[in-house]
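Here's a structure for you.
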Number of protein chains: 2
Amino acid sequence: MERIKGYTYGQAMSSPVSLNDLELLKTTVLFTDDDVQHLKLAGEVLQDQTDEILDLWYGFVGSNAHLVHYFGNGSAPNAEYLTAVRARFNQWILDLCKKPYDQTWLNYQHEIGLRHHSIKKNKTDNVDSVPIIHYRYLVAFIFPITATIKGFLAKKNHDAQTIEKMYSAWFKAVTLTVVLWTHPYIKENEF
Amino acid sequence: MERIKGYTYGQAMSSPVSLNDLELLKTTVLFTDDDVQHLKLAGEVLQDQTDEILDLWYGFVGSNAHLVHYFGNGSAPNAEYLTAVRARFNQWILDLCKKPYDQTWLNYQHEIGLRHHSIKKNKTDNVDSVPIIHYRYLVAFIFPITATIKGFLAKKNHDAQTIEKMYSAWFKAVTLTVVLWTHPYIKENEF
């Protein structure tokens, strides 16, 4: 597989969120071993569909000026930046489904958060773009990133109950990761 | 109807989020007039089931020490506080479905956020409890508050497509309100 530019999984600094905090968050989104299994299955179902998924998500971002805004600097979006992020976004889909949610995973979720926040935005790709993705859209994206996946989960002839379980596991996993990604935006001691 | 203690809808201070920001957030969660209609229908479906819904949600909170923690002060939860919040939570279900998302609604979402945050926590009910509900659980709650509603939406003999539409509208609305509730936790200029 071609190396993904800026994909530093396994090399990120330690997350400020502990594994114990993560366990309590998993409990709060009702995340169980059954979800781990259904995310693995979702990974198999989605792995040859990621280009279509990203076409859909990028189409949505591209058709909304208030969203594509974050890929530019007041004028046209930076195509190179869009492409570089897309490759990592593709890998994120697979990692969300297949990787164990251990310290390494936790650390990389924090790294992704930093890259949305002014602390690290634009640095990975060395681009000239607006300095931060505003917090509100990270949480708002839970809906489109979740709702749009169902059609793709349904494309490999699984029964309705299995699709529903994969979808539910995906929803939990997306919610969990958005909590982790938003850590840099939260006032001290309030996370 | 009995007056709900601390339910100051229509009297809250102005939200720092503008109606224009709200419109862009609605666009981001794909919220349309069709969702408004299906939320109204959801409100009719749910209005005589709110006690059962709150029993379920309170049962979940009550069975998790890391959640019930926020209703006490290091020891047993404050029963009076739990009861007062429950009455407002009940009203929130109805308001989410039935109220127009206008300036008054926007202002009250901010008031709810302040009451989770140290700025106003415990003040409405004049109770002695921990000073803040940590941010992470507000976002994490998007999952249980959404997933558990589907069974209640399905109880009034609507067809599967209508139930799915009510559910989707509810998911969008919950995501939207959680974005608004978390404003007090976000660093300046990063919301």
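The values are calculated or read from the model by the stated rules, or taken from the named source; none is laboratory data. No experiment lies behind these values; they were computed from the predicted model shown. All Cβ positions, glycine included, derive from the backbone under ideal geometry; neighbour counts span all protein chains shown. Heavy atoms of the whole protein, side chains included, go into the accessibility calculation; ligands, DNA and RNA do not. Shrake-Rupley method; radii C 1.70, N 1.55, O 1.52, S 1.80 Å.
Provide the solvent-accessible area of A:I119, counting protein heavy atoms only and rolling a 1.4 Å probe, rounded to the nearest 10 Å².
90
Further question: Other chains near A:142-149: what is the mean number of their Cβ atoms within 10 Å of each residue's Cβ? Can you show the working numbers first?
On the way: counts 11, 13, 5, 0, 5, 5, 1, 0.
Taking the mean over all residues of the peptide, I get 5.
If you don't mind, there's one more thing I want to ask. Return the FRET efficiency for the residue pair B:V130, B:L54: r is the Cβ-Cβ distance, R0 is 25 Å, and the value is rounded to the nearest 0.05. Don't skip to the end; give the middle numbers.
On the way: r = 21 Å, r/R0 = 0.86.
E between B:V130 and B:L54, to the nearest 0.05, is 0.70.
Tell me, what is the Rg over Rh of chain A, with Rh the Kirkwood radius over Cα pairs?
Dividing the radius of gyration by the Kirkwood radius yields 0.95.
Only sites in a loop by DSSP and with at most 13 other Cβ atoms within 10 Å count here; which GluC sites (Glu not before Pro) in the stretch A:43-111 make the cut?
Values: sites: A:E44, A:E52, A:E80, A:E111; in loops: none.
The qualifying sites: there are none.
Continuing with the same structure: Can you work out the FRET efficiency for the pair B:E44 and A:E80, with r the C-beta to C-beta distance and R0 = 56 Å, to the nearest 0.05?
On the way: r = 51 Å, r/R0 = 0.91.
Calculated value: 0.65.
Mind telling me which of A:G59, A:G72, A:G113 comes out most flexible in a GNM of chain A, alpha-carbon contacts under 10 Å?
Its mean-square fluctuation being the largest, the pick is A:G59.
Rolling a 1.4 angstrom probe over the protein chains, ignoring ligands and nucleic acids, what is the accessible area of B:T104 in square angstrom, nearest 10?
60
Kindly give the distances from B:H66 to its copy-mates, label point to label point, with each label point 7 Å from Cα along Cα→Cβ, as nm values to one decimal ordered shortest first.
When each copy's label point is compared with this one, the spacings are 3.3 nm.
Distances in nm, one decimal, shortest first, from A:P16 to the same residue in every other copy, taking the label point 7 angstrom along Cα→Cβ.
Spacings between copies for this position, smallest first, are 1.7 nm.
Still on this structure, I have one more. With springs only between Cα atoms under 10 Å apart, run a GNM on chain B and tell me which of B:A65, B:A154, B:A87 wobbles the most.
B:A65
Can you list, shortest first in nanometers, how far A:K155 lies from the same residue in the other copies, with each label 7 Å from Cα toward Cβ?
3.8
Pick from B:N20, B:N122, B:N73: which is most flexible by mean-square fluctuation in a GNM of chain B where alpha carbon atoms under 10 Å apart are linked?
B:N20
Just want the answer: with Cβ charges of +1 for Lys and Arg and -1 for Asp and Glu, which residue in B:A140, B:L114, B:A84 is farthest toward the dipole's positive end in the protein assembly as shown?
B:L114
Just tell me how shielded A:115-121 is by partners: mean number of partner chain Cβ atoms within 10 Å of each residue's Cβ, no decimals. Mind showing how you got there, number by number?
Working: counts 0, 0, 2, 3, 0, 0, 0.
Counting Cβ atoms of other protein chains within 10 Å of each residue's Cβ and averaging gives 1.
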